[in-house]
1. For I394, I360, what's the largest-to-smallest order of accessible area, 1.4 Å probe?
2. Which order do F70, F115, F419 take when ranked by solvent-accessible area (1.4 Å probe, heavy atoms of all protein chains), largest first?
3. Show D376, D410 ordered by accessible area, largest first, where the area counts protein heavy atoms only and the probe is 1.4 Å.
4. Give the distance, in whole Å, between the Cα centre of segment 219-273 and the Cα centre of segment 78-96.
5. Do the alpha carbons of any pairs in K362/K392; K227/K392; K150/K227; K375/K420; K391/K420; K109/K160 sit beyond 27 Å of each other, and which pairs?
Amino acid sequence: MSARLQAVGQLPVQQKISLILVIAIAVALAAGGWMWSSAPDYRVLHANLGERDGGAVIAALQQMNVPYKFVGGTLMVPSSHVHEARMRLAGQGLPKGGLAGFELMENQKLGSSQFLEQVNYQRALEGELARSIQSVGAVQGARVHLALSKPSPFLREQPKTSASVLVNLHPGRPLEPMQVAAITHLVSNSVPGLPVRNVTIVDQNGTLLSGDSESANKPALDPGQLKYRHDLEQNYAQRIEAILLPVVGPGNVRAQVAAEIDFTETEQAEEIYKPNQKPEDAAVRSQQSSESGSQTAQAGGVPGALTNQAPAPATAPVNAPAEAPAAAAAVVPSSTRRDTTVNYEVDKTIRHTRQAMGRIKKLSVAVVVNHNQIKDAKGTVSARPLTEAQKKQITELVRSVVGYSEERGDLVSVVNSAFKKPEIEEVAELPLWKQPQTVELVKDTGKHLLIGALSLYLLLGIVRPMLRNLTRVPPLVAQELLTEAASGNQAAASVGHGYDQSLQNAKQIAKQDPKMVANVVKTWVGGNE
């Protein structure tokens with residue numbers, strides 16, 4: 001080893017510099033490979049983050065001591081920290097999506113005006129609605145604008161609240177009509193006094209999603225009505241299959257029902273008057289009787305002033321005379337009037353009719369029945385069509401189940417046909433080498449093996465030969481060491497080593513480079529000759 005070090009010390013400056021560069025490159029490659037193999041696999045934590053949300057999320061990650069990479073609005077963390085980081089950030093309400101919600105109402109300043117409070121409330125409501133809409137899978141971003149109406153006692157017709165929604169969709173992921181209707185009802189039910197027809201939804205391309213101007217006034221079924229019709233049809237189909245299952249056997253009947261439903265809600269009020277009944281049969285409502293009469297007095301007595309006076313009131317004296325004086329005036333009634341008024345109850349009928357929505361207008365039923373499966377004595381199964389009696393029986397059963405009505409124009413169609421058995425494709429079990437866990441393990445193992453193989457190749461294939469060539473003992477030095485070892489001279493050699501050291505160096509040189517030693521010995525032999 002000392003000979004090798006001695007040889008290295010006697011190398012020219014250029015070779016020494018080359019040796020140092022080779023060693024440095026080898027160390028750098030080994031360190032780089034080790035760092036690459038031990039570097040964590042970064043995964044996307046959140047994409048398309050704004051500046052405000054990105055800063056808040058990065059600050060939270062720094063507090064959690066989680067490494068991160070932020071490239072072009074995409075925040076990446078090691079795969080082992082993705083789920084934990086998302087849960088902890090969600091607990092802090094991050095990211096907020098650049099939208100302010102009801103947290104605006106938490107920091108109300110003392111002395112704020114009513115107008116400022118109303119503005120903050122509207123901003124908070126718009127932000128919360130936008131956040132809810134962004135939770136839809138196809139929606140990347142959303143903005144909501146509300147035009148809240150203010151009630152006024154001076155207006156007969158109060159203005160209606162309206163809303164406009166702008167959605168930014170993911171590339172290649174359009175909104176389905178059911179999703180548009182769901183967003184419309186979400187906004188309508190979240191704002192008091194906001195009808196569904198006053199909600200407008202537009203995408204980032206300016207396309208009106210909530211309906212065009214031609215179909216705005218056309219009645220359309222809402223999701224609730226569609227679900228009611230679907231459930232009704234499925235209920236009828238299940239009932240048909242359940243009643244025919246014991247007759248034809250399992251798997252031998254298929255039924256479909258199409259229902260036309262009237263969702264119009266009508267209300268009718270009637271007030272009917274009939275001719276009066278007979279008085280003896282009618283009920284008396286009220287009765288009033290009145291009677292009046294008048295009396296006149298005949299002239300009598302002594303003519304004069306007293307005769308023209310009205311007669312005095314009649315009295316009954318205790319000791320009445322036996323006979324009235326002849327001059328007394330006789331009083332007789334002259335006329336009598338009697339009035340009777342009877343009011344009978346009027347024969348009146350008041351009827352209030354309200355037709356509920358969801359009335360069935362028409363049912364169309366289609367039933368397909370498989371052929372009869374008959375097994376003979378040998379066990380062979382053969383299919384035979386149904387007889388007309390069997391088809392008629394099945395038709396009657398179907399009509400009874402669905403409540404067939406000829407007045408509504410219901411249709412029931414029963415078809416007998418042979419069913420084709422579907423070809424069952426056996427799904428091959430996923431081999432072990434294709435399973436995700438195996439693939440991931442192979443990737444990690446292959447990465448480490450590649451690093452190890454590259455390091456060995458650099459060490460054994462490049463660095464070691466270069467070191468061997470650079471540290472090879474020059475022939476003159478080797479010849480001096482061999483001569484010194486062979487001569488047995490105890491004096492200091494040219495390289496300044498003792499006899500034992502020179503002998504060790506000569507042995508090492510002979511072991512490492514026997515050809516050079518052979519050439520030196522050959523030179524000695526040739527010189528002696």
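1. On the way: I394 5, I360 35 Å².
Largest to smallest exposure gives the sequence I360, I394.
2. Working: F70 90, F115 150, F419 65 Å².
Highest to lowest solvent-accessible surface, that is F115, F70, F419.
3. Values: D376 75, D410 10 Å².
Heavy-atom accessible area, descending, gives D376, D410.
4. 47 Å
5. Numbers: K362/K392 22 Å; K227/K392 33 Å; K150/K227 35 Å; K375/K420 18 Å; K391/K420 20 Å; K109/K160 31 Å.
Result: K227/K392; K150/K227; K109/K160 exceed 27 Å.
The values are calculated or read from the model by the stated rules, or taken from the named source; none is laboratory data. Since the structure is predicted, the reported quantities are computational estimates derived from the model, not experimental observations. SASA here: full protein model, heavy atoms, side chains in, ligands and nucleic acids out. Shrake-Rupley method; radii C 1.70, N 1.55, O 1.52, S 1.80 Å.
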